[in-house]
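Please read the structure below before turning to the comments.
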Amino acid sequence: MLTVKDIREHFIGELKDEAFTIDKTGQKTIEMMGASFIADEPTIFGEVNQYYVDAEITWYENQSTNINDIYGVGQQKPPKAWQYSANEHGEINSNYGKLIYHPQYHNQFDHVLDELCKNPDGRRATMIYNRPSIWQEFDENGKNDFICTNAVTYYIRNDMLHCVVQMRSNDVVYGYKNDFAWQQFVLKRLCHDIHMVRDMYKNTTLPNKIYPGIITWQVQNLHVYERHFKLVK
C-alpha cells in the first residue's frame, strides 16, 4: 500500500514532467485518479494551520451550514474555497458534522457507534456523506458545493479501529490536511464513545479497549492546482 511519501513523490514527478490537466477555469492542475494510500502524515504539501483546523472542527461540531460561522461574526473572513462554494448568504452543503450527527441525515454517527458495539467484526459501519439529491442541491440558490467526501467505513480489528475514507475529489494542499484532521477527530471520538457505552451492550466479542488505527485514503481524483505548484517540492 502506498503512503503519503509515495503520493508526494508522484506529484513531484508529475510537475517535473509537466503532466498537466487543464481545468474549467483554464488553470493547470496535476492529478492522480484512483488514488489509494495510507494516510500516515497529516499533510502532503505545506504546513497544517492548527488555528484553522480547530475552527473548522468546532464549526462542524456546531453543525452550522453557514460559512460565516467558521470564525464567528465580526471575525476574519472564511477561506476563499468556502466563499467560492457558498451562496450569497454563506450557505453550503458540506458541514461534515451535520452530515453525520443530524437527524436530517439519519444520525449516522450514532448508528455506526451502535453497529460497531453490536458487531465488532462487521463491515457495515458506514457514514455516507454524499447523496443522490446532491445533483439538485449542489448549485441551488447560487451554491457551488458538490460534497467531496462520499463515505467512510469503520472496522474493529485486533483491538484497533481502522477506517477507509472514500472521496470524490480532494485538493492535495488544503483539502487533504483539513479533511484528514476531521477524519482523525471522528475516529478518536468513536474510540472514546465505544469505551463509554460498551458495558450497555454486554458483548463479549467487543475488546475492552479500542485504539485509533489506520486511516486508508481513497480518492477518485486527487489534485494540485497551479497556484500551489510552488509547494510541490
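When nucleic acids and ligands are ignored and a 1.4 Å probe is applied, ARG8 ends up with an accessible area of around 50 Å².
Which is the longest stretch in the chain that no exposed loop site breaks, taking sites as GluC sites (Glu not before Pro) with a DSSP loop state and at most 13 other Cβ atoms within 10 Å? Provide the component values of the computation, followed by the final result.
On the way: sites that count: GLU18, GLU47, GLU88.
For GluC sites (Glu not before Pro) (loop position, at most 13 other Cβ atoms within 10 Å), the longest site-free span of the chain is 89-233.
For the stretch 69-125, carbon and sulfur atoms together expose 47% of the accessible surface, with a 1.4 angstrom probe and every protein chain in place. Applying both filters, DSSP loop and at most 16 other Cβ atoms within 10 Å, to the chymotrypsin sites (Phe, Trp or Tyr not before Pro) of the stretch 3-68 gives PHE20. When the chain is treated as a GNM with alpha-carbon contacts under 10 Å, the residue of LYS16, LYS177, LYS24 showing the greatest mean-square fluctuation is LYS24. Distance between Cα centroids, the stretch 7-28 to the stretch 117-138: provide it in whole Å. So the two Cα centres are separated by 31 Å. Ordered from highest to lowest accessible area with the whole protein assembly present and a 1.4 Å probe, THR204, THR25 read as THR204, THR25. Semi-axis lengths, largest first, of the ellipsoid equivalent to the stretch 138-200 are 29, 14, 10 Å, with √(5λ) applied to each eigenvalue of the Cα gyration tensor. Accessible surface area normalised per residue over the stretch 95-233 is 49 Å², counting heavy atoms of protein chains with a 1.4 Å rolling probe. Legend: P(r) of the stretch 156-233 from all alpha carbon pair distances, 5 Å bins from 0, whole percents, reading 3, 14, 20, 17, 14, 11, 8, 7, 4, 2, 1.
For the chain, what is the percent of antiparallel DSSP beta bridges, rounded to the nearest 5?
Working: 23 of 34 bridges.
Beta bridges within the chain, antiparallel portion: roughly 70 percent.
Could you tell me which residue out of VAL197, ASN87, GLN218 lies farthest along the dipole of the chain toward its positive end? Charges go on the beta carbon: Lys and Arg +1, Asp and Glu -1, centred on the Cα centre. So the residue we want is VAL197.
Counting lysine pairs in the stretch 1-115 whose alpha carbons fall under 21 angstrom apart, excluding pairs fewer than 8 residues apart on the same chain, gives 4. Projected over every direction and averaged, the convex hull enclosing the alpha-carbon atoms of the chain yields 13.6 nm². For LYS188, the aspartates and glutamates whose Cα comes closer than 17 Å to its Cα, not counting residues fewer than 8 places off in the same chain, are ASP40, GLU41, ASP54, GLU56, GLU61, ASP110, ASP114, GLU115, ASP159, ASP179.
The values are calculated or read from the model by the stated rules, or taken from the named source; none is laboratory data. Not measured: the values here are computed from a predicted model. Glycine gets a Cβ as well: all are built from the backbone with ideal geometry, and neighbour counts include every protein chain shown. SASA here: full protein model, heavy atoms, side chains in, ligands and nucleic acids out. Shrake-Rupley method; radii C 1.70, N 1.55, O 1.52, S 1.80 Å.
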